[in-house]
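Heads up: the structure comes next, in structure tokens.
The values are calculated or read from the model by the stated rules, or taken from the named source; none is laboratory data. Everything numeric here is computed off the predicted structure, so don't read it as measured data. Note that we place each Cβ from the backbone using ideal geometry, even for glycine, and neighbour counts take in every protein chain shown. Ligands, DNA and RNA are excluded from the accessible area calculation, which covers all protein heavy atoms including side chains. Shrake-Rupley method; radii C 1.70, N 1.55, O 1.52, S 1.80 Å.
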Amino acid sequence: MKKILITIAAFLAITGLVVSAQMQKRHDPAARIQRHVDHLTKELGLTPAQQQQATTIFTDATTSQKSFHDQMRAAHQSLKAAVQKNDSAGIDQASNTIGGLTGQMTSAHAKAQAAFYQILTPDQQSKLKESEGHGHMGHFGGPDGPHGPGGEGDHD
């Protein structure tokens with residue numbers, strides 16, 4: 001019985017380590033960018049030079065989005081605190097901050113999309129437009145979707 005319990009405990013410990021490693025890899029921006037570039041390479045036939053350019057574009061975009069994400073989290077926390085205090089001025093201030101950050105995030109993402117689009121050949125641009133029209137590629141310009149790391153709603 002004791003041997004069975006030790007075996008089960010060892011199995012659970014190993015399983016936990018494997019799951020933890022997989023979760024870290026999933027949330028690792030560099031790994032996420034690499035998976036995205038690999039997918040785009042498969043879909044569009046990116047050259048090695050384009051792969052490098054895309055990796056740089058997406059890495060730079062992810063870095064700038066991280067700052068927005070941190071600011072957005074703080075703004076949402078301020079909004080929550082203002083709501084709990086029934087602080088109308090605080091609610092307005094936090095809401096305006098969130099609105100401004102959303103605009104900046106949208107602009108930064110669109111600029112990354114534009115930069116990526118410019119490195120593509122006309123044939124690749126056509127393939128990309130076709131893929132987007134069928135919903136296969138989602139937001140082509142970056143690995144993080146329309147709202148940066150963590151995607152929509154991941155701001156608290």
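Some notes on this structure:
- Of the residues contained in region 51-65, none is found to be out of contact with any Pro (no Cβ under 6 Å at 6 or more places or on another chain), of a type in the set (A, V, I, L, M, F, W, C), part of a helix (DSSP H, G or I) and surrounded by fewer than 20 Cβ atoms within 10 Å (Cβ to Cβ).
- Checking each residue in region 40-67 for being acidic (Asp, Glu) and under 19 Å from residue 29 (Cβ atoms) picks out only 60.
- Meets criteria (hydrophobic (A, V, I, L, M, F, W, C), open to solvent by less than 50 Å² (accessible area, probe 1.4 Å) and closer than 25 Å to residue 37 by Cα) for residue 110: yes
- Of the residues 128, 120, 44, the single one that is in contact (Cβ under 8 Å) with a residue 40 or more places away in the chain, in contact with a Lys or Arg (Cβ under 8 Å, 6 or more places away or on another chain) and open to solvent by less than 60 Å² (accessible area, probe 1.4 Å) is 44.
- The one condition from (1) at pLDDT 90 or above; (2) open to solvent by 50 Å² or more (accessible area, probe 1.4 Å); (3) not basic (Lys, Arg) that residue 72 does not meet is (2).
Residue by residue, here is whether (1) part of a helix (DSSP H, G or I); (2) within 21 Å of the chain's Cα centre (by Cα) holds:
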residue	(1), (2)
73	yes, yes
91	yes, no
94	yes, no
110	yes, yes
113	yes, yes
120	no, no
126	yes, no
132	yes, yes
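- Only residues that are part of a helix (DSSP H, G or I) and loosely packed, with under 15 Cβ neighbours inside 10 Å were counted in region 28-38, giving 4.
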